[in-house]
Each structure stands twice: as C-alpha cells, then as structure tokens.
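The values are calculated or read from the model by the stated rules, or taken from the named source; none is laboratory data. Just so we're clear, the structure is a prediction, and the values are computed from it rather than from any experiment. In this analysis, Cβ positions are derived from the backbone assuming ideal geometry, glycine residues included, and neighbour counts consider all displayed protein chains.
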Amino acid sequence: MTTTHTIPPDNTHQLASLRRHWAGVIAVWGIVVILFYLYLRGSWPFAHRWLGITAVSLIWCGRIVWQNLSQNHPADSPHLFPTFGLGTLLTLWRGLALSMVAGFLLSPWPNGFPGWLPALLYASAGIADYLDGYVARITHHTTVLGAQLDMEFDSLGMLAVILLAIWYGQLPWWYLGLGLARYLFLAGLWWRQRRGLPVYDLPPSAHRRMFAGFQMGFLSVVLWPIVPAAGATIAGTIFGLASATGFGRDWLVASGRIDVNSAVYRRRMHILSWLVRGWLPVLARLLLLLAAWMIWQSESHLHWMMLFAEWGWPMAAWWGTFWLVIGGVGITAVSLGLAGRIGALLLLFPVSWDIMAQGLLGANSLALITDLYLLIMSTGFGSLWQVEETFMTKRFGR
C-alpha cells in the first residue's frame, strides 16, 4: 500500500508580499491618526492624550495582524493570498476606527461636533462589520485571517466602547462585565484545557449574531451626546441581560453542562421559547400600547417641539408632528405584529425624544422597556407578518 503525503505549498513570496501590504496598512493608519489628531488639537485640549491611547491600541491591532499573516488563506486551502482583499481591508478599517474610539478614554467628553466622533467612528466600524464578510465572499477572498481579526476586533470594540460609556457616565460600572465577557470565556476554556477537561464546540446560532448586532447598535447610540444617562442605563440593562444570557448558555454548552442534542434540552428550550418569544411579547405589546396612549394623552409632542427648538432645528413644530406620526406608525406595526421589529425600531425615536424632553416618567419608561423587549424578541403569537425575521437571522448577502 502506497502512502501519499501532501506537500505544503511554498508561501514565501506570498508572505513577503503580505508583509509589505501590512507595512502599507500601518502607514495609512498613521496618516489617518495624525490628520485626526491635528483636527482635534484645534478645538480640544486633550488631543495629545487621545493620540497616545490611540497609538497604544493601534500597536496592539497591528501586532495581531502581523502575527496572523500566515492565516491569510481560505479555510479549505493552505495557499496564501498575497494581498488582503477588500473584505479584510474593511476589517482593518474597523481596527483603526475602534482604536480611535479607545483614544477618547480618560478624557472629558468633547463639546460640539467632536463629541459625536466616538459614536460616528463606532458606527462606521459597525457598518464595516456588517459588510466585510459579504464583500469577502463576493470577491472570493474569504480567509482564516479575516475571521480571526473579526473576532479580535469585535472584542476590542465592545470593551473600548463600554469603558468609554462608563467613563462618560452613560452606563453603570457593572456593564464592564460584558466588555470582558469574551476574554473571560476564552480564559475559562483555556483553564479547562489546562486541567485536562473537555471543551465542546458551540452549535451554529443565527440569534447569537443577531443579539451581537443589537448590542453593537445600542453601544453606538449610547455614545450620542444627547442620550440621557437614565434612559441609557435602562436600555443597557435590557441589552446586557440578553447578552449575558447568551454568554451563559454558551459557557454551559462549551463546558459540557448542557447537551444541545438531548431531548430534555430541546423540550425545555421549546417551552422557554414558547413563553419568552411567544406569550410574553403579547403582554409587552399590550403594555406598550397602554404606554403610548398615556404619552399621547399628555400631548408630549409639544415638549418634543420645545426640545427641537432648543437644539436649533428648523421647523421644530413640523418635526414634532413628524415624529408623532412616526410613533403612530410604529405603535400600529407593533400592536398588529406587522413587521413588528421594524415598528419597534421606529418607535424608539419618539420614546427617546420624550425621555430627553421630560426625563424618565412612568409612561416613557414603560414604553422604552417594552419596546426594547419587542425589538429583541419580536412580537410573538398573533403577529400578522414577521417579514424582518428572514433577514435579521441571516448574514448579509445570504
């Protein structure tokens, strides 16, 4: 019997090319950061501190990329690509944007337009995160490197933004646990392996990525200078509980305490889903309808108009009426379960304006809690058309 051996490819030239491209990326990062610093220096006295923290974060990101250059190949082939590809370049932009967000740590929140920059940078990283995998697939340039950087930058981004939101007083200190969740999860897996204990693979989960997307969207909005800390804490608690529940379940699976293929587990999950994603949303829809009626009865949109006028919006009265109409569309969609998640997203805006204009009251607090629950869990039994479910649980382009 003849035994054949696969000869590993000689990737020397491809690796040398990748190192040159890496140097080019580092140069571009440096140019962007310097230009950004020069802009900040003109209006913000803490620009030097921003530059130092950003540089430290970028050095860490650059080191991660350098160490994984040999992974710039498809999962099913050892042959290296000599370039990064458009998808990976989008991921590298995320590393740059997230490092610049981290740079705002330990400094006061800037006034004026610079105060919006952390949120805008994090939002741009979120858009790149949404698109990078799709771009890599359509350009036939999916790589192990891209997947590795995706996970690393996800963790960096969540930790940096949570730390910044806590520093700005937008989130309570305990929220830091979510920023460290992935690192603690990996440390736990390492400790089990060190002790010779088994580690089990996590099953694919469309909802895991969906919840991560919700968390990323929330963390982007929480850095808006106009968002009140009290409302951010309520929303953070809801999103935090959803994320913590997901991490807890994954740990129980990875450590072997839960067998996802067992009949007992499947039956319990069916009952839990029946309650949490079936009947509780029906109750939430009724409570949200009650809260919306209370807000409408108090003519809260008049307070929104005054808020918009304070912000200097042109046609403040028109905007107040516009968001009242949007609220009506949102509550109708949620109440009927007619693209309910989209309706819940629309409804977040008028509810947020009400909190910003009047502070936390019973009606807008109830509206915020129930609306966020429906945004995460959907509208449950009796929904007429849950069209958004088909694209919220799938990756873009699939």
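Here are the numbers:
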item: Pair list, Cβ under 8 Å, 6 or more apart: region 27-46 residue free of Cβ contacts under 8 Å to residues at least 12 places away in the same chain and farther than 27 Å from ARG63 by Cα, other residue of a type outside the set (S, T, N, Q) and outside any loop (DSSP other than H, G, I, E, B); result: ARG41/ALA47; ARG41/HIS48
item: Number of positions in region 264-322 that are β-branched (Val, Ile, Thr) and farther than 17 Å from PRO350 by Cα; result: 4
item: Residue selected from region 360-379 under the condition under 11 Å from LEU348 (Cα atoms) and of a type outside the set (A, V, I, L, M, F, W, C), by the criterion farthest from the chain's Cα centre (by Cα); result: ASN364
item: Subset tally (residues that are over 15 Å from ASN364 (Cα atoms) and surrounded by fewer than 16 Cβ atoms within 10 Å (Cβ to Cβ)) for region 225-236; result: 1
item: Residue within region 162-170 that is in contact (Cβ under 8 Å) with a residue 60 or more places away in the chain, more than 30 Å from TRP311 (Cα to Cα) and either surrounded by 13 or more Cβ atoms within 10 Å (Cβ to Cβ) or not assigned by TED's automatic domain parsing to the domain that holds GLY95 (or both) present; result: no
item: Unmet requirement for SER70, which otherwise passes all of (1) part of a helix (DSSP H, G or I); (2) among the small types (Gly, Ala, Ser); (3) over 25 Å from VAL144 (Cα atoms); (4) at pLDDT below 95; result: (3)
item: Residue in region 243-266 that is under 30 Å from TRP116 (Cβ atoms), in contact with a Leu (Cβ under 9 Å, 6 or more places away or on another chain) and either of a type in the set (A, V, I, L, M, F, W, C) or surrounded by 17 or more Cβ atoms within 10 Å (Cβ to Cβ) (or both) present; result: yes
item: Residues of region 339-359 satisfying the condition of being over 25 Å from the mean Cα position of the chain (by Cα) and either under 18 Å from GLY278 (Cβ atoms) or among the polar types (S, T, N, Q) (or both); result: GLN358
item: GLY146 vs. criteria small (Gly, Ala, Ser), closer than 19 Å to PHE214 by Cα and touching a residue at least 60 places away in the same chain (Cβ under 8 Å); result: no
item: Restricting region 304-334 to residues that are closer than 16 Å to VAL387 by Cβ and in contact (Cβ under 8 Å) with a residue 12 or more places away in the chain, the residue that is surrounded by the fewest Cβ atoms within 10 Å (Cβ to Cβ); result: VAL329
item: Selection count, region 123-168, where residues are at pLDDT 90 or above, assigned to a helix (DSSP H, G or I) and of a type in the set (Ser, Thr, Tyr); result: 2
item: Set ARG267, ARG192, ARG249: member being more than 29 Å from SER99 (Cα to Cα), in the same structural domain as ASN364 (by TED's automatic domain parsing) and in a helix (DSSP H, G or I); result: ARG267
item: The listed residue being under 18 Å from SER378 (Cα atoms) and either at pLDDT 95 or above or in the same structural domain as LEU283 (by TED's automatic domain parsing) (or both), out of LEU360, LEU345; result: LEU345
item: Pair list, Cβ < 7 Å and 6+ apart or interchain, from region 282-300 residues that are in contact (Cβ under 8 Å) with a residue 12 or more places away in the chain to residues that are part of a loop (DSSP other than H, G, I, E, B); result: VAL282/GLY380; VAL282/PHE381; VAL282/GLY382; ARG285/THR379
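Yes or no, residue by residue, for (1) in contact with a Lys or Arg (Cβ under 9 Å, 6 or more places away or on another chain); (2) modelled with pLDDT of 85 or more; (3) crowded, with 16+ Cβ neighbours inside 10 Å; (4) of a type in the set (Phe, Trp, Tyr):
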| position | (1), (2), (3), (4) |
| --- | --- |
| LEU176 | no, yes, no, no |
| GLN193 | no, yes, no, no |
| LEU197 | no, yes, no, no |
| HIS207 | no, no, no, no |
| MET216 | no, no, yes, no |
